[in-house]
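My structure is below; once you've seen it, I'll send some questions.
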Amino acid sequence: MSIVVEDYHKTYGDTAAVVGLSFRAEAGDILGLVGPNGAGKTTTLRALSGILTPTRGRLLLAGHDIVLDPVQAKSILAYIPDEPKLFDQLTVWEHLRFSAEVYRLTDWQPRAEELLRRFELTEKRNALAAERSRGMRQKAAICCGYLHQPRVLLFDEPLTGLDPYGIRAICDSIKEQAVAGATILVSSHLLSLVEDLCTSVLIMNHGRMILHERLADLRRQLTDTGRHESLEDMFFRLTQRTPLQ
């Protein structure tokens, strides 16, 4: 399983949101997508999920073109946006049932129960989504995303609104998904999270890719050159901004 992006462009009128983006992530990779606001990160995630149509280029999920073969591509995909889109009048359990029906799952209940337990939602299973906190809604969305055992996962700021227990549970689950062979893309402004969680990093600025490297290779290069630079330091250097600008 893999994510392949080839010469992806997205424009809105005369405005270019993403320009000539190309990269690949393989099974087991956790790719951190970082960049300043407006860099094109969410535009890329929304195109990979099939919400936006590319102006130009190809986006493949496990060999399936998201534009030409959307049903097959989406059948192995889970997209967790930065603002979970849940149905206010459905309970947490009803959301899981709805997801199971969409993906035509059978015998899904034991996995659903385990996901609720894992993300501390068992006692909230019959609560309406409208009654839940941002963090609880985020965890419910992740449970729904995990239910059909996707092979490609896209996360946009997955830790927003979560307490430390929720953060650890989601980070651990992302690592486990990668070990099981999923390909994962995580967009986040939390550079320490990317440095700790991800195997590779892709830095964007003004809609263009300015760096795509495996973190292990970056660390080796820094060691070989005798430089002491964190991912945060590198980010500010490559985007040509200082924290106070």
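The values are calculated or read from the model by the stated rules, or taken from the named source; none is laboratory data. Because the structure is predicted, anything quoted here is derived from the model rather than measured. Every residue, glycine as well, gets a Cβ built from its backbone with ideal geometry; the counts of neighbours run over all protein chains shown. Quick note on the areas: whole protein, heavy atoms, side chains included, nothing else; ligands and nucleic acids left out. Shrake-Rupley method; radii C 1.70, N 1.55, O 1.52, S 1.80 Å.
Residue check, I174 against (1) in contact (Cβ under 8 Å) with a residue 60 or more places away in the chain; (2) open to solvent by 20 Å² or more (accessible area, probe 1.4 Å); (3) part of a helix (DSSP H, G or I), all met but one. Which one?
Only one criterion in (1) in contact (Cβ under 8 Å) with a residue 60 or more places away in the chain; (2) open to solvent by 20 Å² or more (accessible area, probe 1.4 Å); (3) part of a helix (DSSP H, G or I) is unmet by I174, namely (2).
So, of the residues in segment 196-230 that are of a type in the set (S, T, Y) and surrounded by fewer than 15 Cβ atoms within 10 Å (Cβ to Cβ), which turns out to be nearest to the chain's Cα centre (by Cα)?
S230
Within segment 101-111, does at least one residue satisfy the condition of being open to solvent by less than 70 Å² (accessible area, probe 1.4 Å) and either in contact with a Phe, Trp or Tyr (Cβ under 9 Å, 6 or more places away or on another chain) or in a helix (DSSP H, G or I) (or both)?
Within segment 101-111, none of the residues are open to solvent by less than 70 Å² (accessible area, probe 1.4 Å) and either in contact with a Phe, Trp or Tyr (Cβ under 9 Å, 6 or more places away or on another chain) or in a helix (DSSP H, G or I) (or both).
Within the group K139, K85, which residue is among the basic types (K, R) and either crowded, with 19+ Cβ neighbours inside 10 Å or over 23 Å from the mean Cα position of the chain (by Cα) (or both)?
The conditions single out K139.
Residue-by-condition table, conditions (1) assigned to a loop (DSSP other than H, G, I, E, B); (2) at pLDDT 95 or above; (3) within 22 Å of I203 (Cβ to Cβ); (4) open to solvent by 30 Å² or more (accessible area, probe 1.4 Å):
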| position | (1), (2), (3), (4) |
| --- | --- |
| V4 | no, yes, yes, no |
| V18 | no, yes, yes, no |
| A25 | no, yes, yes, no |
| G38 | yes, no, yes, yes |
| L45 | no, yes, yes, no |
| G57 | no, yes, yes, yes |
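Further, regarding this structure: Does S187 satisfy being open to solvent by less than 10 Å² (accessible area, probe 1.4 Å), under 22 Å from K10 (Cβ atoms) and small (G, A, S)?
Yes, satisfied.
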